[in-house]
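One structure is given here, and the rest of the page talks about it.
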Amino acid sequence: MTDHVKSLSPAQAAPGLDDVIAAETGLCLVDGAVGRLVLRGYDLHALADWSFEAVLALLWQGLTPAEMTEAEIRHALGTARCRLFAKAEALLPATDDLSPVEALRLLLSSLADAERMPHHILAVAAAPVFAAAIARRRAGQAPVAPDATLGHAADFLRMLRGDLPGAAHVRALDTYLVTVADHGLNASTFTARVIASTRAGLISSVVGGLCALKGPLHGGAPGPVLDMLDAIGSEADIRPWITAALARGARLMGFGHRIYRVRDPRADVLKGVVGSLRADGTRIAFAEQVEAEALAQLAEKKPLRPPETNVEFYTALVLEALGFPRDSFTNVFAVGRMAGWTAHVLEQEAQGRLIRPQSRYVGPMPGHASAAG
Ligand code: ACO
């Protein structure tokens, strides 16, 4: 590269933006060195028995024109879910050739910027209505209308299964939604903040967030965790299967994280949830054996920075035990992460600065370009 080009470009590129601080936030601290997750002054472990609505009230505090209590949010979401059902019914036939997450992307995109309901309520309410209707359509079942009197988690399960879920399942889903509600400047939240910074609006921002979440390196991992357990099949095959997968350079789904140098604290919360569900004991024991062997082999392969269990490993087991089809797991993740996306978008809009980093040009200068074709 010529000296002239060097002088035009910043000295150093950071391809994965590792260690780059791209925003100030009062919402969430992810301390990767010690495995700590704090939302607005509360440790994740302290929030694990809160309702999803209570965590929304915490995250939205001070960011919306009108402060809302947990009860007011629960009421507003119930009303909004009922209004959104007609839209789900009307658009479902257009989703038949799409995967569940693509279908959710389509339905969320149908929400209008001109909608007068506050957009953070609209987006959070829409996600479970759409996700449940999409899952049922794929199972050949008619969508179930929302019940405005229920909490968000209970109604989500009811719309999915068609009957009122038991308290243990509602509690488990609430804990799951709270556990994944926010997680710093992860790829989908960063995407949502970039879009928000252009003043494109909250709906466009969360649709962008969903598009980033969909990838297997981010929110697309939990379905493949179950695929991996199924592919391994038996106890005797655990070690050779993992050895062969790592030898061919495959990534073990549910392990590794950009920020955490230790175990993801969300994995432990969700492991507790799996236990509380008294799910299929054989399945859980098998998964734990796979986890132990994977951690041992990953530590051997990457001794300096061994990938640890991340949130997706136990997410897979929780959502399976709750009866969600595995191709819907990313959509269930989106239902929870909608909390973080909306809060970060509101925070970004209040901060007001367009996010516009630079790139380092490494191409040829005029006069040095090779002809195409
Ligand atoms: N299996 C095997 N090897 C792994 C894994 C894994 N799960 N994770 C990291 N590694 C290896 C990489 O191959 C790489 O090796 P190399 O240096 O020889 O190329 C090294 O560890 C570092 O990996 P990076 O990709 O640089 O680490 P990064 O911090 O970018 O990765 C990521 C984070 C993408 C999550 C990665 O660990 C991964 O692909 N995991 C599997 C997918 C997954 O579980 N995703 C969910 C993440 S949690 C969430 O987003 C909600």
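Of all residues in the range 310-326, those being among the β-branched types (Val, Ile, Thr) and either more than 9 Å from the ligand (Cβ to nearest atom) or surrounded by fewer than 23 Cβ atoms within 10 Å (Cβ to Cβ) (or both) number 1. All of Ala172, Ala192, Ala187 fail the test of being touching a Gly at 6+ places or on another chain (Cβ under 9 Å), of a type in the set (A, V, I, L, M) and in contact (Cβ under 8 Å) with a residue 40 or more places away in the chain, apart from Ala192. Only one entry of Ser205, Ser197 meets the criterion of being touching a residue at least 60 places away in the same chain (Cβ under 8 Å) and either within 16 Å of the ligand (Cβ to nearest atom) or crowded, with 20+ Cβ neighbours inside 10 Å (or both), and that entry is Ser205.
If you go through the range 220-248 and keep only what is within 8 Å of the ligand (Cβ to nearest atom), assigned to a loop (DSSP other than H, G, I, E, B) and modelled with pLDDT of 95 or more, you end up with nothing. Looking across the range 273-301, the residues that are closer than 18 Å to Ala168 by Cα, in contact (Cβ under 8 Å) with a residue 40 or more places away in the chain and under 24 Å from the mean Cα position of the chain (by Cα) come down to Val273, Val274, Ser276, Leu277, Ala279. Need pairs with beta-carbon distance below 9 Å; first residue touching a residue at least 40 places away in the same chain (Cβ under 8 Å) and within the range 213-225, second buried (at least 24 other Cβ atoms within 10 Å of the Cβ) and of a type in the set (Lys, Arg); sequence gap 6+ or separate chains. Every condition considered, the pairs that remain are Leu213/Arg337; Gly219/Arg337. Taking the criterion of being assigned to a helix (DSSP H, G or I) and either in contact with a helix residue (DSSP H, G or I) (Cβ under 7 Å, 6 or more places away or on another chain) or closer than 20 Å to Ala135 by Cβ (or both), the residues of the range 56-77 that qualify are Leu56, Ala57, Leu59, Trp60, Glu70, Ile73, Arg74, Ala76, Leu77. Evaluation of Phe286 against the conditions (1) in contact with a strand residue (DSSP E or B) (Cβ under 9 Å, 6 or more places away or on another chain); (2) more than 14 Å from the ligand (Cβ to nearest atom); (3) of a type in the set (Phe, Trp, Tyr) shows that the sole unmet condition is (1). What about Pro306, is it surrounded by 13 or more Cβ atoms within 10 Å (Cβ to Cβ), free of Cβ contacts under 8 Å to residues at least 40 places away in the same chain and over 21 Å from Trp60 (Cβ atoms)? Yes, satisfied. Do we find a residue being among the aromatic types (Phe, Trp, Tyr), touching a strand residue (DSSP E or B) at 6+ places or on another chain (Cβ under 7 Å) and within 14 Å of the ligand (Cβ to nearest atom) anywhere in the range 256-273? No, there is no match, as no residue in the range 256-273 is among the aromatic types (Phe, Trp, Tyr), touching a strand residue (DSSP E or B) at 6+ places or on another chain (Cβ under 7 Å) and within 14 Å of the ligand (Cβ to nearest atom). Every condition in (1) in a helix (DSSP H, G or I); (2) closer than 20 Å to Ala334 by Cα holds for Pro93 except the one numbered (2).
Within the range 144-194, the residues that satisfy the criterion of being crowded, with 24+ Cβ neighbours inside 10 Å, assigned to a helix (DSSP H, G or I) and of a type in the set (Gly, Ala, Ser) are Ala153, Ala172, Ser188, Ala192. Checked against the criteria, Arg353 does not count as over 30 Å from Ala125 (Cβ atoms) and either within 16 Å of the chain's Cα centre (by Cα) or at pLDDT below 95 (or both). Quickly run through the range 289-307 and pick out the residues that are within 9 Å of the ligand (Cβ to nearest atom) and either modelled with pLDDT under 95 or not in a helix (DSSP H, G or I) (or both). Across the range 289-307, the qualifying residues are Lys302, Arg305, Pro306, Pro307. Met365 meets the conditions (1) assigned to a loop (DSSP other than H, G, I, E, B); (2) aliphatic (A, V, I, L, M); (3) surrounded by 24 or more Cβ atoms within 10 Å (Cβ to Cβ) in every case but one. The failed one is (3). In the range 1-25, the residues that are farther than 23 Å from Leu354 by Cβ and surrounded by 10 or more Cβ atoms within 10 Å (Cβ to Cβ) reach residues that are at pLDDT 90 or above and among the aromatic types (Phe, Trp, Tyr) with C-beta atoms within less than 7 angstrom, at least six apart or across chains, in these pairs: Val5/Tyr361. When each of Arg263, Arg199 is tested for being farther than 23 Å from Trp50 by Cβ and of a type in the set (D, E, K, R), the lone residue that passes is Arg199.
The values are calculated or read from the model by the stated rules, or taken from the named source; none is laboratory data. Values in this document were obtained by computation on a predicted structure and should not be read as measured data. As a convention, Cβ positions derive from the backbone with ideal geometry for all residues, glycine included, and neighbour counts pool all protein chains shown.
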